[in-house]
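Trainee: Would you mind keeping the following structure in view while I ask a few things?
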């Protein structure tokens, strides 16, 4: 039967006295072939599927982000190179109120928080609690972003959208990466669409870390135009307006929309070191200069197209050595760790099997020594009994002869 909280998972069940089909907890199946299969699925297969999914999502996200920073042979911005399966979320059958998960997605900006585990989301006091299923730990409050107005929940590198605010006591099964790799596909059919050249031109010292470009980035620029900006020591961001520089109407600071005044100054509070700035679809973290540095600048524009430009292709190649998985491991390191985990588990199972086979052989030997049948001993006994029978037969035959002789003497 299908698991109550996961229609894609098959579990054992039984029919109660009322004829209802009831799922059996997997940990109640102990021993035997069936128990071994259940243990393998819960301890090895599920974990490995999640690790493969985490590896695939991390690779696809990093590759797509870099590909969007590139320019194809037609002079256009690169699009997503791969597609990937989205997170899965299921409601528990006893939930009330009708609030369902109506949308799931990966949060590219926080993909380093993605982990190879499933989660249980439960609502208590009108707020969500998120529990990791691999270790049973609840995520801290600062690791969970709940928007009660829009009924959206973000954690662990994913975002869930609910149809309404769930009732207290409702629970949801969330599988961020379990089946992600099964739906991984290439989106590039025309080889001219491979963005090997650089699309975003960034010159200056304001950027901290990697640039990210959304689809249809820098649409506010034409030809050689650019966004020329400066950031001073107190966090004031100013856009210039000379030598082909243009000013955007708005920018995003840590996701918050800010307007750009007529003099080029970005409204609102001053920027802080490490703040995320998004200008016309291009995002990056800013560096705040110190008193000795005065100000940092950045010229952001569209790179000139050229058939000999392979800068983005080299950047795509360099992704193999970057810490894409959980923000701390490269793709090869994560894959090696996964293979090592499976190998260690297989070795543990083999050692346990050998030990139990040895114990079984010892128990059989003890049983035979106490109450079993030794065929060699029984065969020897049969031969000895046969010899006793033959000897007794001769005694009886001799006695019969003597008796007959005595009777003959009397006659």
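Trainee: Using 0.36 nm per residue, how much length does the chain from residue 187 to residue 134 gain when fully extended, once their Cα-Cα distance is taken away? Walk me through the intermediate numbers first.
Mentor: Working: separation 53, 0.36 × 53 = 19.08 nm, distance 3.31 nm.
That works out to 15.8 nm of additional length.
Trainee: Where the centroid of each part is defined by its Cα atoms, how far is region 107-170 from region 64-87 in Å?
Mentor: Each part reduced to its Cα centre gives a spacing of 29 Å.
Trainee: Express in whole angstrom the spacing between the alpha-carbon centres of region 293-310 and region 206-228.
Mentor: Each part's Cα centre sits 9 Å from the other's.
Trainee: Assuming a ≥ b ≥ c are the square roots of the Cα gyration tensor eigenvalues, decide whether region 1-91 counts as rounded (a/c under 1.5), prolate (otherwise, with a/b larger than b/c) or oblate.
Mentor: Details: a/c = 5.91, a/b = 2.69, b/c = 2.20.
In terms of gyration-tensor shape, prolate.
Trainee: So if I restrict to the alpha-carbon atoms in region 1-158, what is the Rg, and what is Dmax, the biggest pairwise distance, in Å?
Mentor: Calculated on Cα positions, Rg and Dmax stand at 19.6, 70 Å.
Trainee: State log₁₀ I(q)/I(0) for region 146-208 at q = 0.12 Å⁻¹ as given by the Debye formula over alpha-carbon point scatterers of equal weight, solvent excluded.
Mentor: -0.69
Trainee: Over all directions, the average projected area of the alpha-carbon convex hull for region 86-178 comes to how many nm²? Don't jump to the answer; show the numbers that get you there.
Mentor: Numbers: hull surface 22.5 nm².
Quarter of the Cα hull surface area: 5.6 nm².
Trainee: Shifting gears a bit: Counting alpha carbon pairs within less than 8 Å and at least 6 residues apart, what relative contact order, in whole percent, applies to the chain? All intermediate terms of the calculation are to be shown ahead of the outcome.
Mentor: Values: 721 pairs, mean separation 68.0, N = 411.
RCO, the chain: 17 percent.
Trainee: Output the 0 to 90 degree angle, nearest 10, between the alpha-carbon long axis of helix 46-68 and the longest principal axis computed from the alpha carbons of the chain.
Mentor: In the chain, helix 46-68 runs at an angle near 20 degrees to the longest axis.
Trainee: May I ask you to derive the FRET efficiency for residue 395 and residue 354 from their Cβ-Cβ distance with R0 = 56 Å, giving the value to the nearest 0.05? Provide the component values of the computation, followed by the final result.
Mentor: Numbers: r = 58 Å, r/R0 = 1.03.
So, using R0 = 56 Å, E works out to roughly 0.45.
Trainee: If I model a spin label at residue 34 and residue 241 as a point 7 Å from the Cα along the Cα→Cβ vector, what separation in nanometres do I get?
Mentor: For residue 34 paired with residue 241, the spin-label model returns 7.8 nm.
Trainee: Using the Cα gyration tensor of region 6-51, with a ≥ b ≥ c the square roots of its eigenvalues, what is the shape: rounded (a/c below 1.5), prolate (a/b larger than b/c) or oblate (neither)?
Mentor: Details: a/c = 3.77, a/b = 1.67, b/c = 2.26.
Note, shape of region 6-51 comes out oblate.
Trainee: Using the alpha-carbon atoms, what tilt in degrees (0 to 90, nearest 10) does helix 375-410 show relative to the longest principal axis of the chain?
Mentor: 10
Trainee: At q = 0.12 Å⁻¹, what base-10 log of I(q)/I(0) does the Debye formula yield for the chain when every alpha carbon is treated as an equal point scatterer in vacuo?
Mentor: Taking Cα atoms of the chain as identical point scatterers yields -1.11.
Trainee: Let me ask you something else. Using the Kirkwood radius over Cα pairs, work out the Stokes-Einstein diffusion coefficient for region 173-329 at 20 °C and 1.002 mPa s, in µm²/s as a whole number. Can you show the working numbers first?
Mentor: Values: Rh = 17.7 Å.
Here the translational diffusion coefficient equals 121 µm²/s.
Trainee: Just to be sure I understand the model, the point goes 7 Å from the Cα along the line to the Cβ. What's the resulting residue 215 to residue 341 distance in nm?
Mentor: Output for this residue pair reads 3.2 nm.
Trainee: Please give the helix 331-371 orientation as an angle from the longest Cα principal axis of the chain, in degrees from 0 to 90, rounded to the nearest 10.
Mentor: Tilt relative to the chain: about 10 degrees.
Trainee: Which percentage, to the nearest 5, of the DSSP beta bridges contained in the chain is antiparallel?
Mentor: Details: 70 of 71 bridges.
Antiparallel bridges: around 100 percent, rounded to the nearest 5.
Trainee: Right, another one. Compactness ratio of region 172-249: Cα Rg over 2.2 N^0.38 Å, N = residue count? Mind dumping the intermediate values first?
Mentor: Values: Rg = 19.0 Å, N = 78, 2.2 N^0.38 = 11.5 Å.
Normalised Cα radius of gyration, region 172-249: 1.65.
Trainee: Apply 1/(1 + (r/R0)^6) to the Cβ-Cβ distance of residue 265 and residue 145, taking R0 = 45 Å, and write down the FRET efficiency to the nearest 0.05.
Mentor: Numbers: r = 30 Å, r/R0 = 0.66.
The computed FRET efficiency comes out at 0.90.
Trainee: Moving on to the next point. Quote the relative contact order of region 200-302 in percent (integer), defining contacts as alpha-carbon pairs under 8 Å separated by 6+ residues.
Mentor: Working: 239 pairs, mean separation 44.1, N = 103.
Relative contact order, region 200-302: 43 percent.
Trainee: So what is Rg over Rh here for region 279-411, counting just Cα atoms and using Kirkwood for Rh?
Mentor: Details: Rg = 47.1 Å, Rh = 26.6 Å.
Result: Rg/Rh = 1.77.
Trainee: Order these peptides, 206-217, 247-258, 56-67, 15-26, by their mean beta-carbon neighbour count within 10 angstrom, highest first.
Mentor: Details: 206-217: 16.8, 247-258: 14.8, 56-67: 22.2, 15-26: 9.8.
So the peptides 206-217, 247-258, 56-67, 15-26, ranked by packing, come out 56-67, 206-217, 247-258, 15-26.
All of the numbers you see were taken from the coordinates with simple rules; none came from a lab. Since we're looking at a predicted model, the values are computed, not measured. Please note: Cβ atoms are built from the backbone with ideal geometry, for glycine as well, and neighbour counts cover all protein chains shown.
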